[in-house]
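In what follows, a single structure is set out as structure tokens and then discussed.
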Amino acid sequence: MPITITIPAPLRQFAGGQSQVAVEAKTAGEALDLLTSTHSALRRHLFNDQNALRNFVNVYLNDEDIRHASGPDTPVKDGDTIMIVPSIAGGAVVESEVGETLPELSHEEILRYSRHLIMPEVGMQGQRRLKAASVLMIGTGGLGAPVGMYLAAAGVGRIGIVDFDVVEESNLQRQIIHGTKDLGRRKIESARDRLRDINPHIEIETHESRLTSHNAMQLFRNYDIIVDGTDNFPTRYLVNDACVLSKKPNVYGSIFRFEGQASVFWAEKGACYRCLYPEPPPPGLVPSCAEGGVLGVLPGIVGAIQANETIKIILGAEDLLINRLLLFDAWPMKFREFKLRKDPKCPVCGENPTITKLIDYEEFCGVAPHQLPPADSKLEEISATELNARRLRGDKIQIVDVREPHEFEIARIPGTKLIPLGHVVTRMNEIDPDVDTIVHCKGGVRSAKAIEALKRAGFNGRLINLKGGIIAWSEDVDPRVAKY
Amino acid sequence: MITIGKKQLTEIREHGIRDYPYECCGLLLGRYTAEQKIVNETYPISNAREESAKRNRFLIAPGELLRGERYAREHDLEVVGFYHSHPDSPAVPSQYDLEHAWPTYSYIIVSTSANEARDLFSWEQEPDRSRFNPEEIQCP
């Protein structure tokens, strides 16, 4: 049955300049197929690679959208008119880009990423975006390990890694990017080799340095997204501020014992880390993982969430962890979520920012070496070798270990009394004030706190801190005492 | 090439500022000649996107376009292109823009902020859909 198809003005050049084409068909779909088989150049403007009508192309049969009838199967009859009408859609995306700039995928890459490619949310376009993207990872520790491995596997085209550490035995319980064969190697080298092994199609750039206020802006400039895998407050504030100042998303994660947090701090679109925590906690209040421990699988879970959000940012997905703080507790196995709000008074991303360039973050977080312990308390210290000498001389001393019982199980200095930090004041009467007391922990931080607490509680005996804790004892005096 | 008057360019810029922080959109009505497009009128359209996506997506529903086309026909004009704004983003088409465009039409994009319209460029899709090419704007 002859029907008429009206060709919109911009597409007439692909239909031999005609504004109307007559075809004989039984359904709307058949009419369009006939039209585009005669005028094949027209097809790509109406149909996508999957042979479906492009989502902005609407087909009207007389005055009705065929989507509201039976779609392509809508029957047509003699004298009907089909109109092709675009709904005009568009708009800015995260990284405004002209189509041509996306790199092509090789056959090997298409095979490798096939599980991505068959999902419309990723597709060829998304995979090419991943290839065009660059991500800078701060740290290759517990969080950096899964982040790096998943981003590499996903085909993120350029991954930068910043670290200055070497692989140690105690890292391997959770930092699965490194292996036993890597002990003693630089972490960036070990991580680079692992990522290359996972995906040889991507570029890996190593930066062996501590991230500082001097190099952060320069480093961040060359990447689209920054992933924070740090374990300390000065670097976390530094990463946040440098991201705000360079307008880059900061994919945040942190872990402690059994609990993890994740969010996307992107000042352009929502809250930053300082909107959530304007000031760092007092030094020593929040123990590090080295002091408090961490379940090895926890950074795997939190890091995988960071990798997930990073990939979503690259793909232009909605529903990112922006203005959302995700809390995870591995022990009861619970996720919770808090809403975050951008703080108009935020010192770095607020309306009248007071921080307009990077500052001294060690000082800001109160962890400059001269401030630990506080200058006003006269903390008496002793080295492991001196302590050993005093013991060998037969001096009358007592040694108090303020670590936790499970640490005592791992390693101990012989002849010590265990009083965990949390009980040191209530069990003060167990310490003889007439004898010199050496206090120790793992590294010397908790014992210094114990001494302060005891002094404040009125203990009037002589208290001496063991510098470097049981670790120094193991290194300098008795290597049979295990390091952990 | 597209020829458009100062008055129409000002209308586009003002529409962009008015709708900030959302994207504005509208039709460009005029005539096709052998070498170029001439814009006689702008035809502002309300952004049909749901509130949450208005900031970075715009949509001219087909019904609105049909109304615009009917208006154009009555005035012996044709739809020669579209304009929209990119709040706080460059006046460069996004991948999303590319996927939702046809060749020949002019796509004018204006970069906007709270109180000013910045760059304004016109773009034309390559006939094979692979990219946008910058289009010369002539303002007599």
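A compact table of results
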item: Strands (runs of 3 or more DSSP E) within the range A:113-211 that include 2 or more residues out of contact with any helix residue (DSSP H, G or I) (no Cβ under 8 Å at 6 or more places or on another chain) and not hydrophobic (A, V, I, L, M, F, W, C); result: A:203-207
item: So residue A:67, is it free of Cβ contacts under 8 Å to residues at least 60 places away in the same chain, within 14 Å of chain B (Cβ to nearest Cβ), farther than 26 Å from residue B:127 by Cβ and in a helix (DSSP H, G or I); result: yes
item: Pick from the range A:323-344, criterion free of Cβ contacts under 8 Å to residues at least 60 places away in the same chain and within 23 Å of residue A:298 (Cβ to Cβ), ranking: surrounded by the fewest Cβ atoms within 10 Å (Cβ to Cβ); result: A:332
item: Selection within the range A:419-441 - loosely packed, with under 15 Cβ neighbours inside 10 Å and either β-branched (Val, Ile, Thr) or touching a residue at least 12 places away in the same chain (Cβ under 8 Å) (or both); result: A:426, A:430, A:432, A:433, A:434, A:435
item: Answer residue from the range B:18-42, given it is closer than 23 Å to residue B:88 by Cα and hydroxyl-bearing (Ser, Thr, Tyr) and is nearest to the chain's Cα centre (by Cα) among those; result: B:42
item: Residue A:108 vs. criteria assigned to a helix (DSSP H, G or I) and among the acidic types (Asp, Glu); result: yes
item: Helices (runs of 4 or more DSSP H) lying entirely in the range A:368-471 (those with 3 or more residues that are under 30 Å from residue A:212 (Cα atoms) and not aliphatic (A, V, I, L, M)); result: A:445-456
item: Hits in the range A:166-181 (condition: surrounded by fewer than 15 Cβ atoms within 10 Å (Cβ to Cβ) and of a type in the set (D, E, K, R)); result: A:168, A:169, A:181
item: Strands (runs of 3 or more DSSP E) lying entirely in the range A:1-63 (those with 3 or more residues that are within 14 Å of another protein chain (Cβ to nearest Cβ)); result: A:57-61
item: Single unsatisfied condition, residue A:408 versus (1) over 19 Å from residue A:380 (Cβ atoms); (2) surrounded by 19 or more Cβ atoms within 10 Å (Cβ to Cβ); result: (2)
item: Residue match in the range A:249-268 (condition: within 16 Å of residue A:325 (Cα to Cα) and at pLDDT below 90); result: yes
item: Residue in the range A:217-227 that is over 25 Å from residue A:344 (Cα atoms) and free of Cβ contacts under 8 Å to residues at least 24 places away in the same chain present; result: yes
item: Some residue of the range A:36-57 being touching a helix residue (DSSP H, G or I) at 6+ places or on another chain (Cβ under 7 Å) and over 25 Å from residue B:99 (Cβ atoms); result: no
item: Selection count, the range A:445-484, where residues are under 16 Å from residue A:378 (Cβ atoms) and in contact (Cβ under 8 Å) with a residue 40 or more places away in the chain; result: 12
item: Looking only at the range B:103-129, and only at residues there that are part of a loop (DSSP other than H, G, I, E, B) and exposed (fewer than 13 other Cβ atoms within 10 Å of the Cβ), the one that is nearest to the other protein chains (Cβ to nearest Cβ); result: B:128
item: Filtered residues of the range B:77-102 (kept if out of contact with any helix residue (DSSP H, G or I) (no Cβ under 6 Å at 6 or more places or on another chain), more than 8 Å from chain A (Cβ to nearest Cβ) and in a strand (DSSP E or B)); result: B:81
item: Residue in the range A:182-220 that is surrounded by the most Cβ atoms within 10 Å (Cβ to Cβ), counting only those that are farther than 28 Å from residue A:241 by Cβ and basic (Lys, Arg); result: A:194
item: Checking residue B:26 against (1) part of a strand (DSSP E or B); (2) within 14 Å of chain A (Cβ to nearest Cβ); (3) touching a Gly at 6+ places or on another chain (Cβ under 7 Å), the condition it does not meet; result: (3)
item: Count of the range A:101-159 residues which are without any contact (Cβ under 8 Å) to a residue 40 or more places away in the chain and either of a type in the set (S, T, N, Q) or closer than 16 Å to residue A:300 by Cβ (or both); result: 4
item: Residue, nearest to the other protein chains (Cβ to nearest Cβ), within the range B:1-17, restricted to residues that are outside any helix (DSSP H, G or I) and within 14 Å of the chain's Cα centre (by Cα); result: B:2
item: Residues of the range A:321-349 satisfying the condition of being assigned to a loop (DSSP other than H, G, I, E, B) and touching an Asp or Glu at 6+ places or on another chain (Cβ under 6 Å); result: A:321, A:344, A:348
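The values are calculated or read from the model by the stated rules, or taken from the named source; none is laboratory data. Computed from a predicted model, the values in this text were never measured in an experiment. All Cβ positions, glycine included, derive from the backbone under ideal geometry; neighbour counts span all protein chains shown.
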